[in-house]
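These notes are about the structure you will find just below.
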Amino acid sequence: MSWHLALEVDRASRVPLALQVRDSVRRLVEDGTLRTGTRLPSSRQLAADLGVSRSVVVEAYEQLAAEGYLVTRRGSGTSVAADGGGLAPVDSALTAAASTSTSAPADGDGSEAAWDLRTGTSNLLAFPRQEWIRCVTAALADAGHRELSYSPPAGVPLTRHILAGYLGRVRGVRTRPEDLMITSGFAQGLALLCRVLRDRGHRALAVEDPGHPGEREFIASAHLRPVGIPVDAEGIRVDLLERSGARVVLTTPGHQFPTGACLSPARREQLISWARAVDGYVIEDDYDNAYQSRAGQPSALQSLAPDRVVYAGSASKVLAPALRLGWVAAPSELMASLEHVRAGWDIGCSGLEQLAFARFIDTGALDRHQRRLRAEFGRRREVVRQETARHLPGTRVLGGDGGLQAYLELPPAVDEDSLIRAARTRSVLIRGGRFHTLTDTSRPPALVLSYATVGCDGLVRGIAELGAAYRRLPAGQVGANAS
Ligand SMILES: Cc1ncc(COP(=O)(O)O)c(C=O)c1O
């Protein structure tokens with residue numbers, strides 16, 4: 001391996017070359033530029049790069065090794081020593097950065113728990129690797145100059161064309177390829193929308209309460225005030241939205257996150273009328289539509305009013321968050337502003353990945369994958385229903401018709417936090433309703449149980465453990481017929 005090290009020597013200097021090399025490397029180790037474990041070029045390679053004789057570098061390396069800055073091991077070459085500059089090893093530094101990233105949940109990374117029932121991810125082990133590899137390989141094999149170059153910031157035209165057709169077919173979305181933007185996940189779509197809204201004078205964005213805490217933080221960091229609007233069994237309370245003063249709302253009408261309510265037909269009409277009356281927009285986050293039961297599922301809200309609803313989707317739940325693939329279908333006049341902002345933002349996301357995704361849709365692989373997962377999640381949902389009835393008596397399971405999570409409404413006397421803590425001691429990680437709440441504290445205590453990552457057998461055992469924690473709550477908290 002020919003490692004490169006950015007270093008220079010000054011031939012005009014009276015300082016001997018070996019000392020120059022030694023001092024430069026030592027400085028880089030001390031100031032942390034060269035971190036513990038970093039491999040250095042061989043003496044032969046560095047000598048060639050610097051245009052000096054090999055003995056110069058050998059002498060410098062030997063001296064630095066003697067001083068404890070470098071270690072040399074047969075077969076693995078020369079690297080920065082563990083206490084060189086007092087820095088953490090490269091691997092642990094990377095791990096630390098990952099575990100302190102903003103997306104990491106405050107309650108651990110879940111690796112220590114036997115049953116991780118928290119929301120936020122999908123059945124990643126089911127990622128269709130072979131089909132995806134085939135699509136990536138074919139996309140790359142066919143890519144010419146145009147495909148390997150910059151694509152329009154809003155996305156590769158072919159992908160937008162195929163995706164527009166697909167969204168029309170499966171969700172009734174009424175859009176044109178030119179009104180569809182490929183984003184780096186829904187997160188970027190939301191960030192772009194927030195920027196455009198702020199530029200247009202908006203200062204508040206209504207959100208569902210309970211809702212997604214991460215999205216609220218996102219909105220706040222984009223300098224918009226998230227205004228919580230309570231949710232009931234019919235979805236967002238449009239009557240309260242009407243009184244909020246906001247002119248744009250972010251909502252999950254297909255399967256409210258996290259309660260699972262599907263926005264009722266009457267509320268759909270009411271929401272569109274509101275958007276027209278305030279000259280505003282509805283942002284429809286269709287995050288888990290792939291897992292709705294197809295029969296009887298209403299089309300996307302956007303199909304009722306493409307001029308007022310911004311439709312947003314993502315591959316995170318159906319494929320994997322690692323792809324960072326999302327999309328936004330917006331009314332034309334809004335799309336023009338989104339494109340303008342996007343052009344100065346990141347000039348678009350990976351064209352090759354978009355082309356692979358287009359193939360994934362076009363060959364039917366996405367439909368096949370969804371069908372498989374829908375069947376599996378249907379089975380898991382049934383297990384959640386049965387085992388909850390058995391082990392958590394007095395609990396109501398809401399939002400049980402689709403998606404990846406169930407909302408378990410607990411008897412009013414249950415202390416949510418105590419139950420979550422007790423569950424954790426039994427190796428079950430789960431979040432409560434309050435974690436998702438902004439200001440509406442009127443709801444009964446609840447658990448939000450994701451069955452995305454735990455299979456049927458695991459759910460049986462995990463919910464039994466949860467039940468054991470539930471039964472041990474102080475007398476008077478649990479349902480009357482708890483055994
Ligand atoms: C409510 C909701 N919307 C959208 C997303 C998808 O976000 P992204 O595409 O940025 O991964 C998620 C993923 O967890 C989600 O929970």
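Tabulated results
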{"read-out": "Residue within the range 112-119 that is more than 22 Å from residue 288 (Cα to Cα), more than 22 Å from the chain's Cα centre (by Cα) and charged (D, E, K, R) present", "value": "no"}
{"read-out": "Residue match in the range 214-225 (condition: part of a strand (DSSP E or B) and either among the basic types (Lys, Arg) or buried (at least 23 other Cβ atoms within 10 Å of the Cβ) (or both))", "value": "yes"}
{"read-out": "Filtered residue count, the range 421-467, keeping only those that are open to solvent by 20 Å² or more (accessible area, probe 1.4 Å), more than 23 Å from residue 228 (Cα to Cα) and either in contact (Cβ under 8 Å) with a residue 60 or more places away in the chain or not charged (D, E, K, R) (or both)", "value": "11"}
{"read-out": "Residue within the range 199-213 that is modelled with pLDDT of 95 or more, near the ligand (Cβ under 10 Å from one of its atoms) and among the small types (Gly, Ala, Ser) present", "value": "yes"}
{"read-out": "The range 333-350, residues that are outside any helix (DSSP H, G or I) and polar (S, T, N, Q)", "value": "350"}
{"read-out": "The one condition in (1) buried (at least 20 other Cβ atoms within 10 Å of the Cβ); (2) touching a strand residue (DSSP E or B) at 6+ places or on another chain (Cβ under 7 Å) that residue 151 fails to fulfil", "value": "(2)"}
{"read-out": "Identity of the residue in the range 44-73, hydrophobic (A, V, I, L, M, F, W, C) and more than 45 Å from the chain's Cα centre (by Cα), that ends up farthest from residue 6 (Cα to Cα)", "value": "66"}
{"read-out": "Candidate set from the range 332-356 (those that are touching a strand residue (DSSP E or B) at 6+ places or on another chain (Cβ under 8 Å) and open to solvent by less than 10 Å² (accessible area, probe 1.4 Å)); member that is nearest to residue 276 (Cα to Cα)", "value": "334"}
{"read-out": "Within the range 1-37, tally of residues that are touching a residue at least 40 places away in the same chain (Cβ under 8 Å), surrounded by fewer than 19 Cβ atoms within 10 Å (Cβ to Cβ) and within 13 Å of residue 64 (Cβ to Cβ)", "value": "4"}
{"read-out": "Failed item in (1) of a type outside the set (Val, Ile, Thr); (2) more than 16 Å from the ligand (Cβ to nearest atom); (3) part of a helix (DSSP H, G or I); (4) closer than 23 Å to residue 197 by Cα, with residue 269 passing the rest", "value": "(4)"}
{"read-out": "Residue 276 buried (at least 21 other Cβ atoms within 10 Å of the Cβ), more than 14 Å from the ligand (Cβ to nearest atom) and of a type in the set (D, E, K, R)", "value": "no"}
{"read-out": "Within the range 318-331, tally of residues that are under 18 Å from residue 277 (Cα atoms) and either open to solvent by 60 Å² or more (accessible area, probe 1.4 Å) or out of contact with any Lys or Arg (no Cβ under 8 Å at 6 or more places or on another chain) (or both)", "value": "0"}
{"read-out": "Verdict on residue 139 being more than 21 Å from the chain's Cα centre (by Cα) and among the hydrophobic types (A, V, I, L, M, F, W, C)", "value": "yes"}
{"read-out": "Any hit, the range 163-174, residues being within 16 Å of the ligand (Cβ to nearest atom), in a strand (DSSP E or B) and either within 17 Å of residue 331 (Cα to Cα) or polar (S, T, N, Q) (or both)", "value": "no"}
{"read-out": "Which listed residue is in contact with a helix residue (DSSP H, G or I) (Cβ under 8 Å, 6 or more places away or on another chain) and touching a residue at least 12 places away in the same chain (Cβ under 8 Å), from 197, 193", "value": "193"}
{"read-out": "Count of the range 302-317 residues which are open to solvent by 10 Å² or more (accessible area, probe 1.4 Å) and either of a type outside the set (A, V, I, L, M, F, W, C) or within 10 Å of the ligand (Cβ to nearest atom) (or both)", "value": "7"}
{"read-out": "Breaking point among (1) in contact with an Asp or Glu (Cβ under 8 Å, 6 or more places away or on another chain); (2) over 17 Å from residue 440 (Cα atoms); (3) away from the ligand (no atom under 14 Å from the Cβ), for residue 255", "value": "(3)"}
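The values are calculated or read from the model by the stated rules, or taken from the named source; none is laboratory data. Keep in mind it's a predicted model, so treat the numbers as computed, not measured. Every residue, glycine as well, gets a Cβ built from its backbone with ideal geometry; the counts of neighbours run over all protein chains shown. With ligands, DNA and RNA removed, areas are computed over all heavy atoms of the protein, side chains included. Shrake-Rupley method; radii C 1.70, N 1.55, O 1.52, S 1.80 Å.
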